[in-house]
Structure formats: structure tokens, C-alpha cells
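All remarks here apply to the structure that follows.
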Amino acid sequence: MKLFLIILSFPLLSFFSLKDSAADYDKQLNDVVADYKLNIFDQQKSKADSQKAGSIAESITDAINEGDLSKADIKKLEDLKKEAEAIQDYILAVGNIDGGFETVEKFNLANARIKGDVSTETGKFCVDVISVSIGDYICYLAENNGDKITSVNYKWKSPEGAKSDSGTITVFAHSIGAMYCNRNDPKTNKVEFMGLVCKSK
């Protein structure tokens with residue numbers, strides 16, 4: 001009798017496990033985002049949070065492949081997987097870590113959960129300039145709306161002109177790339193860009 005009850009319990013446990021999986025993954029993503037926002041000035045911790053988001057995406061893939069799921073459940077998990085992958089890339093791009101790039105679409109998807117304060121300056125330069133503020137942290141990104149990979153040569157200065165720098169980044173088509181973040185200089189949380197030069201590759 002006990003064996004019979006145990007056998008009957010397997011489908012029931014599986015059902016509840018699959019039913020709760022989407023909510024569990026959603027909570028895991030919230031935990032990653034909360035940790036990222038708390039430790040955003042720490043590059044190594046931010047990189048670890050990016051890796052956690054990637055691991056969540058892999059776990060969701062396993063759940064989809066292993067489970068006997070309804071179409072509705074699969075859709076929920078697939079949406080969460082896309083979001084996890086977007087958050088993984090968002091942290092690298094906005095964190096200016098390892099030259100991270102991501103598409104504008106994925107940036108918007110991730111930011112819907114992360115809730116960074118986003119502002120876009122359009123029409124002034126050869127690329128649009130996006131600023132993302134999360135607490136005291138700020139990052140400026142070049143947004144390439146074109147269909148070709150673009151090299152962006154940029155210069156910036158602090159509003160009072162006491163600090164300045166320049167650099168070059170490569171931005172893929174319909175993607176973004178970081179030009180400046182204040183991780184190493186938290187007090188310089190606003191800069192002005194000038195003389196952006198773009199060259200298609």
C-alpha cells in the first residue's frame with residue numbers, strides 16, 4: 001500500500017514542481033537584480049551577478065527540455081529565459097565589463113525589471129547617447145541604430161571641465177556600447193560628450 005501511494009505521489013510532486021518553477025525563476029531573477037543594484041560599484045560582484053543570470057537561463061532551458069509542460073507554461077519559461085539572458089548582457093554592457101554589448105531590444109527588456117533611470121539624447125551626434133542611472137551609479141552608452149557595425153570615437157568632459165577623457169568603442173548594428181561609467185570616480189556622475197566621430201566597418 002505504501003509503495004502504491006509513493007508511486008501515485010510522483011506525478012503530483014512533478015506537477016507542483018513544474019507549476020511553481022516559473023515563480024521560482026522569477027524570484028531568482030529578482031534576487032540577482034537586487035544584489036546587482038546593491039553592489040553595482042563592485043565590478044567583480046556585478047560580473048558574478050551577470051553569470052548568475054546566465055545560469056538561471058540555462059536552468060530554465062533544462063526545465064523546458066525535461067518537463068512535460070503545457071504551451072502556457074513553456075511560454076512563461078521562455079519569456080523568463082529571454083529576460084534572464086537580457087539581464088546577463090545588460091549587467092555587462094551597463095557595467096562596462098569586458099566590453100559587453102547587447103541589442104537595444106534586450107536592453108529595454110532587462111531595464112523593465114532593473115528599473116534604471118534612462119535618458120536618451122538623440123540627433124546631436126552620429127549615434128544616440130543613452131544615460132542609465134542606478135542609484136549613484138551612471139553609465140553613458142552609444143546606441144547604434146544603423147545596420148552596420150560602427151566604430152565610435154568619443155570625447156567627454158565633466159560639466160566644470162576639470163576632468164576629461166577620450167576613447168573608441170565598436171558598436172554592433174542595433175546595439176549599445178558603454179563609453180563612460182563612474183565606477184572608478186563616483187563623484188563624477190555627469191559628463192558631457194563632444195566630437196563623436198563614427199565610422200562604419
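Report, in deg cm²/dmol and to the nearest 500, the calculated mean residue ellipticity at 222 nm for the chain, where each DSSP H run with n ≥ 4 adds -39500 (n - 2.57) and the sum is divided by the residue count.
Calculated mean residue ellipticity at 222 nm is -17000 deg cm²/dmol.
As a quick test, which of the pairs Lys47/Lys81; Lys47/Lys106; Lys106/Lys155; Lys47/Lys163; Lys155/Lys187 have an alpha carbon distance above 29 angstrom in this structure? Can you show the working numbers first?
Working: Lys47/Lys81 19 Å; Lys47/Lys106 18 Å; Lys106/Lys155 27 Å; Lys47/Lys163 27 Å; Lys155/Lys187 19 Å.
Cα-Cα > 29 Å for no pair; all within.
Rounded to a whole number of µm²/s, how large is the Stokes-Einstein D of the range 116-200 at 37 °C and 0.692 mPa s, given Rh as the Kirkwood radius over C-alpha pairs?
253
Within 10 Å of each residue's Cβ, count the other Cβ atoms and sort Val94, Val152 from fewest upward.
Fewest-to-most ranking of Val94, Val152: Val152, Val94.
Return the Rg/Rh value of the range 48-201, two decimal places, where both radii are evaluated on C-alpha atoms and Rh is the Kirkwood radius.
Details: Rg = 17.4 Å, Rh = 16.6 Å.
Result for the range 48-201 is an Rg/Rh of 1.05.
What list of whole percents do you get for P(r) of the range 18-115, with Cα-Cα distances grouped in 5 Å bins up to the one holding the largest distance?
Here the calculated profile for the range 18-115 is 3, 15, 26, 23, 17, 10, 5, 2, 0.
Provide Rg and Dmax in Å for the range 36-92, with only Cα atoms included in the calculation.
Considering the range 36-92 through its Cα atoms, Rg and Dmax are 13.2, 42 Å.
Select from Lys155, Lys81, Lys124 the residue whose mean-square fluctuation is largest in a Gaussian network model of the chain (Cα-Cα springs shorter than 10 Å).
Greatest mean-square fluctuation among the candidates belongs to Lys124.
None of the figures in this text is laboratory data; all of them are computed from the coordinates on show. Keep in mind the model is a prediction, meaning the values are calculated, not measured. As a convention, Cβ positions derive from the backbone with ideal geometry for all residues, glycine included, and neighbour counts pool all protein chains shown.
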